[in-house]
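The values are calculated or read from the model by the stated rules, or taken from the named source; none is laboratory data. Values in this document were obtained by computation on a predicted structure and should not be read as measured data. Here the Cβ positions follow ideal geometry from the backbone for every residue, glycine too, while neighbour counts run over all protein chains shown.
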Protein chains: 2
Amino acid sequence: MAINQKSYDYGAAKSSIREIAAYGAARKAQIGAQNVFDFSLGNPSVPAPDAVRASIVRNAALPASQLHGYTPAAGLPAARQAVADSLNRRFQTSYEPGDLYLTCGAAAAISITLHAIVNPGDEVIVIAPYFPEYRVWIETAGATCVEVMADATTFQVDTAAVDAAITPNTKAVIIDSPNNPVGAVYTRQTLLSLASVLSGRSDELGHPIYLVSDEPYREITYGAEVPWVPAIYDRTIVCYSYSKSLSLPGERIGWALVPNTNPDHDELVLAVAGAGRKLGFVCAPALFQRVLIDCVDEPTNVEAYARNREALAGGLRGLGYTCIEPEGAFYLWVKSLEPDAEAFFRRARDLELLPVPSNSFGCEGWVRLGYCVSYETIVGSMPAWQKLAESYR
Amino acid sequence: MAINQKSYDYGAAKSSIREIAAYGAARKAQIGAQNVFDFSLGNPSVPAPDAVRASIVRNAALPASQLHGYTPAAGLPAARQAVADSLNRRFQTSYEPGDLYLTCGAAAAISITLHAIVNPGDEVIVIAPYFPEYRVWIETAGATCVEVMADATTFQVDTAAVDAAITPNTKAVIIDSPNNPVGAVYTRQTLLSLASVLSGRSDELGHPIYLVSDEPYREITYGAEVPWVPAIYDRTIVCYSYSKSLSLPGERIGWALVPNTNPDHDELVLAVAGAGRKLGFVCAPALFQRVLIDCVDEPTNVEAYARNREALAGGLRGLGYTCIEPEGAFYLWVKSLEPDAEAFFRRARDLELLPVPSNSFGCEGWVRLGYCVSYETIVGSMPAWQKLAESYR
């Protein structure tokens, strides 16, 4: 084909998560929304805090050319200052606005970060099961995606397996904790062990291995500590989004942080800016940069997700399903009732249940249920889950 | 260096336009805003229409999870329908929502379009003088940027020169009319001649040469007709932004259109979607997608720019400067008073005048003055322009 084959393939294949969600929307139109139990997407069911609406309305009264003009590529200094101040308060750090590059969400932050650090031929390690777009962005940046399975019981990073997967071409490891799709939160001990492996191997290889910490779910936890990663490993770049914490996924607002712990901090800051420029990201949406100034410290409404989690995990366990107790994020990882998760998904779909099979996340035998849905969806789905379980007896 | 050298270079070099603007901002803080005459940026001085504010406030009252949720990657169907309807009314076309892919502005649209059609080793032709980021995006997509000078008198596309520059590797030509930086509007005759060259050479080469039509200034004209390019050349992809027409440059909202005239339309649509996915563009900002539904047909306030144009072009001509009468956009192309435009720029800067030297746009001997500034800036700058001219006598 004359055009770009890889772009065509990515467009034709689509994200399997989005495909299931599209099926769900069509099915709802067909048989009624209350009869379809769609657990596919990570679209927050909790609305944005009222402070966001208030900030939008207040900002809309500003002179329009001031409000909607280009911002610096890295973002409004006041917005970056607000984010830095918030991080410094919470994690006893000393970040400055210049360490932050505001982005169109975490997807842009990760894509930009990879383009900043990766050269063709490099390898980037992901911890399976993993968010499937990581592979797309890694390959687009010219690197190879290397999957390392998480510990099969705890779903913590298997740091010995990471160690074994490192080669002279390893440039970075991507982690996300609280984890999508499993809901694990990496412990301080896990991170210390990972840092020790990465430091040792960086020294041995004579080039740095970066840790890209993707943290959109940082605020959504059920008691677990989420350690601040750059305090544990100096060569960390943090990618963040307000999609989940402030329920703004459609507005595309987040950031990449190059912490001042990085020995090559100044080079990294420029490379991140250059990567944003290369890809056509001019600036993050200006109005929502201003919303950040007002709302950066708004608390996340975790209670609704906690209630959903209890109802879903408790309900499914009561029906005999095996699931991993989520410590964070809003996904439940449920063992498929047959080895082929795709076949299990199809049987679930016939009962109007829409989880995402684990093949999409690089492993076999599980499904992911997003419980960022209404409580009624969870309660209403239980008879279908029961039928599904019975169909395997 | 361990990180990506090209990203670092693009970050370290910065856009020269943005560098001059940053100098201007610093200088204003130093000596007072009224004493610095900054013509560097294309940040509209005309505020967004009142209808934009009304739409933002009205939409802000919607349920927040509906308002701020993920949209489909290509954009809300209703927003794409509104854009398609508007185009169909204005250009007697029959586009459908599926032909449109909403983007974070024209920069994203062009970057995505190039990643959709280009393969490594391809060549993409630009018409010099040209918007300098074209080169960045072309090279990032893996192609070579080939500069073809515009006609030296009219600044129309020199179609014979384009013909001469086409090789078996030519994949696309980028045009922008109304033109940044010169203000030329390509006539129907120019476009017919270009289409004839591209059709003939596509047939001869046995592969299509696409025309990427970058049109953020379509609505800003002073009487000239801006022909609808896909009606003249079938293999056109149109990239558009509301940055200038609705004065929303910071909000990053625009689109790529794959017109149904393209013989490989369906493949192109998928490749554009795949390219957006590859680069980390999840969706265009949701709130401003809704603003489009309300405001897609809001008229652009051209009067303010027309007044500025007359004052600036008339004023400079009165002082003996040579300039190209702009037929569209909001830039005046002024002949440098010495062959070295950079030297001329430095002498202007010493008088607190900040144009952009033409070297930034791929040619010698001119400067670009953005007249999307206050009328007072233009009038106030005249004594300095006079001093500058006198310094060359």
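Taken over region B:1-32, the criterion of being more than 7 Å from chain A (Cβ to nearest Cβ) and among the aromatic types (Phe, Trp, Tyr) is satisfied by B:TYR23 alone. Taking region A:253-301 as the range and being of a type in the set (A, V, I, L, M), crowded, with 24+ Cβ neighbours inside 10 Å and outside any helix (DSSP H, G or I) as the test, the residues that pass are A:ILE253, A:ALA256, A:LEU257, A:VAL258, A:ALA284.
Residues checked against (1) over 30 Å from B:PRO47 (Cβ atoms); (2) within 19 Å of the chain's Cα centre (by Cα); (3) aromatic (Phe, Trp, Tyr):
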residue	(1), (2), (3)
A:HIS68	no, no, no
A:ASP85	yes, no, no
A:GLY105	no, yes, no
A:PRO120	yes, no, no
A:ALA141	yes, yes, no
A:THR144	yes, no, no
A:ALA150	yes, yes, no
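With respect to being in a helix (DSSP H, G or I) and at pLDDT below 95, B:SER360 fits the description. Of everything listed in (1) surrounded by fewer than 24 Cβ atoms within 10 Å (Cβ to Cβ); (2) within 7 Å of chain B (Cβ to nearest Cβ), the single unmet condition for A:CYS104 is (1). For region A:209-228, the set of residues classified as within 17 Å of A:HIS115 (Cβ to Cβ) and either in contact with an Asp or Glu (Cβ under 7 Å, 6 or more places away or on another chain) or without any contact (Cβ under 8 Å) to a residue 24 or more places away in the chain (or both) consists of A:ASP214 only. When the test is whether a residue is within 22 Å of the chain's Cα centre (by Cα) and farther than 20 Å from B:ALA184 by Cβ, B:SER94 does not pass it. For A:ILE237, the conditions (1) within 30 Å of B:GLY142 (Cβ to Cβ); (2) surrounded by fewer than 20 Cβ atoms within 10 Å (Cβ to Cβ); (3) aliphatic (A, V, I, L, M) all hold with the exception of (2). Among the residues of region A:256-287, the one identified as hydrophobic (A, V, I, L, M, F, W, C), touching a Lys or Arg at 6+ places or on another chain (Cβ under 8 Å) and more than 7 Å from chain B (Cβ to nearest Cβ) is A:ALA284.
Annotation note: of A:SER94, A:SER86, A:SER65, the sole residue that is without any contact (Cβ under 8 Å) to a residue 40 or more places away in the chain and small (Gly, Ala, Ser) is A:SER65.
For B:SER65, the criteria (1) in a helix (DSSP H, G or I); (2) more than 8 Å from every other protein chain (Cβ to nearest Cβ) hold in every case but one, which is (2). With the condition kept exactly as written, say whether any residue in region A:383-393 is away from chain B (no Cβ under 14 Å) and either assigned to a strand (DSSP E or B) or surrounded by 23 or more Cβ atoms within 10 Å (Cβ to Cβ) (or both). Yes, the conditions are met somewhere in region A:383-393.
If you go through region B:93-107 and pick out every residue that is part of a loop (DSSP other than H, G, I, E, B) and either touching a Cys at 6+ places or on another chain (Cβ under 9 Å) or within 16 Å of B:SER243 (Cα to Cα) (or both), you end up with 1. In region B:375-390, the residues that are closer than 13 Å to B:ALA311 by Cα form Cβ pairs under 7 Å with partners that are basic (Lys, Arg) and in a helix (DSSP H, G or I), at six or more places apart or across chains, as follows: B:TYR375/B:ARG307. With respect to A:ALA348, is the statement that it is closer than 28 Å to A:VAL118 by Cβ and more than 10 Å from chain B (Cβ to nearest Cβ) true? Against the criterion (closer than 28 Å to A:VAL118 by Cβ and more than 10 Å from chain B (Cβ to nearest Cβ)), A:ALA348 does not qualify.
Out of all the residues in region A:294-305, is one or more at positive phi and modelled with pLDDT of 95 or more? Within region A:294-305, none of the residues are at positive phi and modelled with pLDDT of 95 or more.
Against the test of being touching a Phe, Trp or Tyr at 6+ places or on another chain (Cβ under 9 Å), more than 8 Å from chain A (Cβ to nearest Cβ), modelled with pLDDT under 95 and outside any helix (DSSP H, G or I), the options B:GLY75, B:GLY42 yield a single qualifying residue, B:GLY42. Between A:ALA165, A:ALA231, A:ALA152, the distinction of being at pLDDT 95 or above and farther than 22 Å from A:PRO259 by Cα belongs to A:ALA165 only.
Given the structure, is B:ALA141 away from chain A (no Cβ under 14 Å) and without any contact (Cβ under 8 Å) to a residue 40 or more places away in the chain? Against the criterion (away from chain A (no Cβ under 14 Å) and without any contact (Cβ under 8 Å) to a residue 40 or more places away in the chain), B:ALA141 does not qualify. Listed by first and then second residue, the pairs linking a residue in region B:173-193 that is more than 17 Å from B:VAL238 (Cα to Cα) to a residue that is basic (Lys, Arg) and part of a strand (DSSP E or B), with Cβ atoms under 6 Å apart and 6 or more places separating them unless they lie on different chains, are B:PRO181/B:ARG368.
Quick grid of which residues meet (1) under 25 Å from A:ALA73 (Cβ atoms); (2) surrounded by 14 or more Cβ atoms within 10 Å (Cβ to Cβ):
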{"position": "B:GLY24", "(1), (2)": "yes, yes"}
{"position": "B:GLY32", "(1), (2)": "no, no"}
{"position": "B:ALA51", "(1), (2)": "no, yes"}
{"position": "B:PRO63", "(1), (2)": "no, no"}
{"position": "B:LEU76", "(1), (2)": "no, yes"}
{"position": "B:VAL83", "(1), (2)": "no, yes"}
{"position": "B:GLN92", "(1), (2)": "no, no"}
{"position": "B:TYR95", "(1), (2)": "no, yes"}
{"position": "B:ASP99", "(1), (2)": "no, yes"}
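Counting only residues that are touching a Ser or Thr at 6+ places or on another chain (Cβ under 7 Å) and in contact (Cβ under 8 Å) with a residue 40 or more places away in the chain, which one in region A:321-354 is surrounded by the fewest Cβ atoms within 10 Å (Cβ to Cβ)? The residue in question is A:ARG347.
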